[in-house]
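Notes for the one structure printed next.
The values are calculated or read from the model by the stated rules, or taken from the named source; none is laboratory data. Quick caveat, the model's predicted, so the values are computed rather than measured. Cβ placement follows ideal geometry from the backbone for every residue including glycine, while neighbour counts extend to all protein chains displayed. SASA here: full protein model, heavy atoms, side chains in, ligands and nucleic acids out. Shrake-Rupley method; radii C 1.70, N 1.55, O 1.52, S 1.80 Å.
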Amino acid sequence: RCVVLRFLKFPPNQNKTSEEILRHLQNIVDFGKHVMKQFFGENYVHHGEIIQLPLDFIRQLCLKVQPERPESRCDKDMDTLSGYAMCLPNLTRLQTYRFVEHRPILCIEIKPKCGFIPFSSHVSQEIKHKVCRYCMHQHLKVANGKWKRPSKYCPLDLFSGNKQRMHFALKSLLQEAQNNLKIFKNGELIYGCKDDQDCVSDWNELARHLKPFFFPSNGLVSGPHCTRTIIKELIHVITMTLLSSTDACRAGDMKTVPISQGRSYCEASAFNKELVRNGKHKLESSGLPRGCLLYKTLQAQMLDMLDIEGLYPLYSRVEQYLEEFPEERSTLQIDGPYNEAFYEKLLDLSTEDDGTVAFALTKVQQYRIAMTAKDCSIMIALSPCLQDECSEQRPVVLTSKSRFTFSVSVLDLDLKPYESIPHQYKLDGKIVNYYLKNVQAKDDPVMSSLFKENEDCTLVLHKV
């Protein structure tokens, strides 16, 4: 039936009752349905439904999938005792048109990460106003051995709406996929990391898989030129689908955070550094179309208006209140229910702190939504379609030799835990301090010599 079953996972010593598991799953469904659908729109969010399965089936399934799970994920066990699971559509397939299911389907999964630089006055380190979180975090991850090399991808380039910058960002993701990009063919992973390891990006192998999609008549000769052309076509298609709007519910329907508040480029971006090297200092930002999924994602991310540094004291205020009045936890809806009333409270965008717990809690909940949006995945499913089939009702993207019908969905929309805020605060400090000590210190003389190289010199000759 082209569906996915999703089970909860828990650390081995954490025993949950069936009721707790059912409530947890219900919260995930409600949060998608009543909150994230409002931010992203009807067509993009698939909240799924809860189903009950025979325990024997779940146990057999668990034994089958265990050997396939990456080692880094095996610190948690799949829930095999409650019998509950979530049933969701398989987003590696097209979501909109069932009758093209027999066609080959390509799916690109992108985790775009945070697409803006903090504009909050609570930020204590100036570097956070210049370099994005993702680019700083890369250096710490490489130092900790999570990845072998830093990626050249910068989320601000992808969210810029400028096609040249978007192409550069997507090319960088294809070069160093880490866990930010995966490509599936007919539901099977053909490109991207299976685990935290050294990802060897074999573009020739990828091009071999993609050639029938982009050059169905097989007119192109093989070789590096062919690989480059196919990758270029892929990047073009991804860009066009990301900028498209396939949803009637526009982000413009809700109050929005002005994007102009932050700067539109990151000083550490490889694209930006290239411009500086060539003596240009202006990065064009074309802006995103209001209806496209990237725009909506960015709007949700920008509910983090105070940055973790401004948010942490407010979290402490809520914590202090809960220590005094623990019975208020459910009234404050910290652990749900995630209903219309919960969503309504998120729409208050004021940043004037009146000292109340209500204000602090609203900012904490907005921050959790923003964190969810910063960590979501975008799924783009593409299927070749013939010219006479491409009617007006279906979104279509064209390449030089083929045309695709497509669907765009958003995934990984579980609300980030309230309890993770202290961890985020510590991690933020760690990322920034590591970057200042180990990266910026080395970079400064290099950057200054680059500027010197590019200074215009005029030789003036005087008649003597």
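Region 309-328 and region 52-97 have Cα centres spaced 36 Å apart.
What pairs in 296/426; 33/163; 152/437; 33/76; 232/401; 148/182 have C-alpha atoms more than 22 Å from each other? Provide the component values of the computation, followed by the final result.
On the way: 296/426 28 Å; 33/163 32 Å; 152/437 20 Å; 33/76 27 Å; 232/401 13 Å; 148/182 18 Å.
The answer is 296/426; 33/163; 33/76.
Taken along the Cα-to-beta-carbon direction at a fixed 7 Å, the label points for residue 87 and residue 175 span 4.6 nm. Note on exposure: 9, 280 ranked by accessible area (1.4 Å probe, complete protein assembly) read 280, 9, with the most exposed listed first. Does region 123-167 come out rounded, prolate or oblate, given a ≥ b ≥ c as the square roots of the eigenvalues of its C-alpha gyration tensor, rounded meaning a/c under 1.5 and, failing that, prolate meaning a/b above b/c? Judged from the Cα gyration tensor, region 123-167 comes out oblate (a/c at least 1.5, b/c at or above a/b).
What's the ranking of 151-159, 295-303 by average number of surrounding C-beta atoms within 10 Å, highest first? Please report the intermediate quantities before stating the final value.
On the way: 151-159: 26.1, 295-303: 24.3.
Ranked by mean Cβ neighbours within 10 Å, highest first: 151-159, 295-303.
Gain in length, residue 121 to residue 23, computed as 0.36 nm per residue apart minus the alpha-carbon separation, to one decimal in nm?
Working: separation 98, 0.36 × 98 = 35.28 nm, distance 3.86 nm.
Full-extension gain reported as 31.4 nm.
What a 1.4 Å probe finds exposed on region 1-89 is 49% carbon and sulfur by accessible area, rounded to a whole percent. Can you give me the distance in nm between label points at residue 15 and residue 59, each placed 7 Å from the Cα along the Cα-to-Cβ direction? Using points 7 Å along Cα→Cβ, the separation is 1.7 nm. Computed with a 1.4 Å probe on the full set of protein chains, the accessible area for residue 44 sits at about 0 Å². The stretch between residue 339 and residue 189, if pulled fully straight at 0.36 nm per residue, gains 50.5 nm over its current Cα-Cα span. Between residue 232 and residue 276, the contour length at 0.36 nm per residue exceeds the Cα-Cα span by 13.4 nm.
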